[in-house]
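The values are calculated or read from the model by the stated rules, or taken from the named source; none is laboratory data. This is a predicted model, so every value here is computed, not measured. Glycine also receives a Cβ, built like all others from the backbone with ideal geometry; neighbour counts cover every protein chain displayed. Just so you know, the surface numbers come from the protein's heavy atoms only, side chains and all, with ligands and any DNA or RNA stripped out. Shrake-Rupley method; radii C 1.70, N 1.55, O 1.52, S 1.80 Å.
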Amino acid sequence: METVLSGIRSTGNLHLGNYFGAIRNFVKLQESYNCYFFIADYHSLTTHPTPADQHGNVRQVLAEYLAAGLDPEKATLYVQSDLPETAELYLLLNMNAYLGELERCTSFKEKVRKQPNNVNAGLLTYPVLMAADILIHKSHKVPVGKDQEQHLEMTRTFARRFNNLYNTEYFPEPSAFNFGEDLVKIPGLDGSGKMGKSEGEGNAIFLADEPEVIRKKVMRAVTDSGPTDLNEEPSQPIANLFSLMKAVSEPETLAFFEEEHAKCTIRYGDLKKQLAEDVVTFTSPIREKINEILADPDYLRKVALMGAEKARESGAKTLKEVRSIIGFRAF
Ligand code: TRP
């Protein structure tokens with residue numbers, strides 16, 4: 001069975017964009033692949049080295065993924081730092097990663113611009129740590145978004161280089177998992193691009209948002225001054241609201257408002273009210289589940305322990321083999 005792996009940032013709560021873009025697909029993948037999903041807490045240190053937040057962030061993300069349907073019995077769900085073998089493989093891979101290629105990486109250049117006072121070596125070698133995450137389980141497929149494609153390409157380079165150097169076929173070269181039609185892009189509420197937590201306050205709807213918060217955010221969503229011609233194409237902000245509606249509402253609801261728009265009789269207040277209620281209906285069971293899980297530390301501990309154990313079984317095996325390939329021997 002092929003191995004699928006994906007890392008999840010431990011900074012920030014999950015929003016509807018994460019849900020439709022990734023999590024929903026992870027939930028499907030766990031049915032038919034050997035899946036590893038982990039929370040990338042080592043990686044978070046490159047930008048968020050705050051001990052007081054560290055554990056809480058990981059706990060929140062773990063609870064949210066469980067609530068959204070990841071099943072610790074089906075997938076291996078673990079915290080990156082619970083698999084310290086990752087760190088050793090990272091060290092070994094660093095010996096074959098070149099400064100030039102790391103400096104050319106787009107995400108590195110962006111971080112240099114964004115945090116000029118903290119251009120740490122962890123930022124530079126971020127792609128090597130990511131390669132270690134992927135290769136530690138000899139993963140075949142990695143479901144990632146566009147922004148991670150270059151990192152995955154670098155992982156392939158490091159895997160190939162290792163194989164060539166030691167004259168082995170040890171690491172598979174992982175490919176991006178393509179969701180095709182299942183990839184639903186969710187726009188934000190600010191009338192422009194996609195939903196994201198860094199796009200400004202109120203642009204993203206979080207799975208853990210209370211109904212009142214959701215209603216406020218949706219009612220403040222950007223619209224336009226209304227259609228003036230029959231069958232006019234909706235403007236970007238309105239098309240965005242329709243996209244959200246397509247994700248969370250009944251098809252008839254969307255059809256109704258699209259028709260109202262085409263007839264120029266649409267009332268955006270009604271559209272937003274309906275959309276807000278449908279978002280609340282959609283997220284409420286997940287929110288309630290998040291709160292239930294967060295209130296049950298024993299369950300979370302059990303899940304984390306189980307994940308760590310399964311991950312270490314696979315990771316320790318890989319590392320033992322890698323050490324042997326490299327030529328480390330016991331006396
Ligand atoms: N870099 C990824 C992100 O920012 C998270 C991540 C870390 C990851 N390690 C990974 C994703 C390994 C896939 C595979 O979203």
Using a Cα-Cα cut-off of under 20 Å, which lysines could be cross-linked to residue 138, ignoring same-chain neighbours fewer than 8 residues away? 74, 310, 317, 320
How large is the accessible surface per residue of the chain, computed with a 1.4 Å probe and reported in Å² as a whole number? 51
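Give me the dipole magnitude in Debye, nearest 20, for the stretch 197-291 about the Cα centre, with unit charges on the beta carbon: positive for Lys and Arg, negative for Asp and Glu.
On the way: 12 positive and 18 negative charges, 83 e Å.
Charge dipole, the stretch 197-291, about its Cα centre: 400 debye, nearest 20.
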If Lys and Arg each add +1 and Asp and Glu each add -1, what is the summed charge of the other residues whose beta carbon sits under 12 Å from the beta carbon of residue 278? +1
Report, to the nearest 10°, how far helix 126-135 tilts away from the longest principal axis of the Cα atoms in the chain, using its own Cα long axis and a range of 0 to 90°. 80
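Using the Cβ atoms and a cut-off under 13 Å, what net charge is assigned to the surroundings of residue 124, where Lys and Arg are +1 and Asp and Glu are -1?
Details: positive: 104, 109, 111; negative: 101, 103, 110.
Net charge around residue 124: 0.
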Report the net charge of residues surrounding residue 234, where surrounding means a beta-carbon distance below 9 angstrom and charges are Lys +1, Arg +1, Asp -1, Glu -1. -4
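How long are the semi-axes of the ellipsoid equivalent to the chain, from square roots of 5 times the Cα gyration tensor eigenvalues, in whole Å, largest first? Before the final figure, lay out the partial values.
Details: eigenvalues 330, 94, 67 Å².
Sorted largest first and rounded, they come to 41, 22, 18 Å.
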So which residue, out of 265, 125, 318, gets the largest mean-square fluctuation from a GNM of the chain using Cα contacts under 10 Å as springs? 265
In sequence order, what are the phi-derived ³J(HN,Hα) couplings for the stretch 148-154 according to the Karplus relation 6.51 cos²θ - 1.76 cosθ + 1.60 with θ = phi - 60°, rounded to whole Hz, with x for glycine and proline? 9, 5, 5, 4, 5, 4, 5
Number of Lys-Lys pairs in the stretch 197-291 under 23 Å by Cα, sequence gap 8 or more or different chains? 19
Starting from the 7 Å offset along Cα-to-Cβ, what nm value, one decimal, do you get for the label separation of residue 194 and residue 109? 2.0
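Would you mind giving the average projected area, over all directions, of the Cα convex hull of the stretch 197-291 in nm² with one decimal? Spell out each step's value before the answer.
Details: hull surface 24.6 nm².
Projected area, direction-averaged: 6.1 nm².
Could you tell me what percent of the accessible area of the stretch 197-291 is made up of carbon and sulfur, with a 1.4 Å probe and every protein chain present? Provide the component values of the computation, followed by the final result.
On the way: 2560 of 5180 Å².
About 50 percent, which is the carbon plus sulfur part of the accessible surface.
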Work out the charge dipole of the chain with +1 on the Cβ of Lys and Arg and -1 on the Cβ of Asp and Glu about the Cα centre, then indicate which of 87, 151, 65 is farthest towards its positive end. 87
To the nearest 20 Debye, how big is the dipole of the chain about its Cα centre, given +1 on the beta carbon of each Lys and Arg and -1 on that of each Asp and Glu? 1160
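Can you pull the percent of the stretch 23-136's accessible area that's carbon plus sulfur, 1.4 Å probe, other chains left in place?
Accessible surface attributable to carbon and sulfur in the stretch 23-136 totals 54 percent.
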When the chain is modelled as a GNM with alpha-carbon springs shorter than 10 Å, which of 241, 99, 123 fluctuates the most? 99
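Tell me which GluC sites (Glu not before Pro) from the stretch 220-291 have a DSSP coil assignment and no more than 16 other beta carbons within 10 Å of their own. It would help to have the intermediate numbers written out before the result.
Details: sites: 232, 252, 258, 259, 260, 277, 288; in loops: 232.
Counting only loop positions with at most 16 other Cβ atoms within 10 Å, the GluC sites (Glu not before Pro) in the stretch 220-291 are 232.
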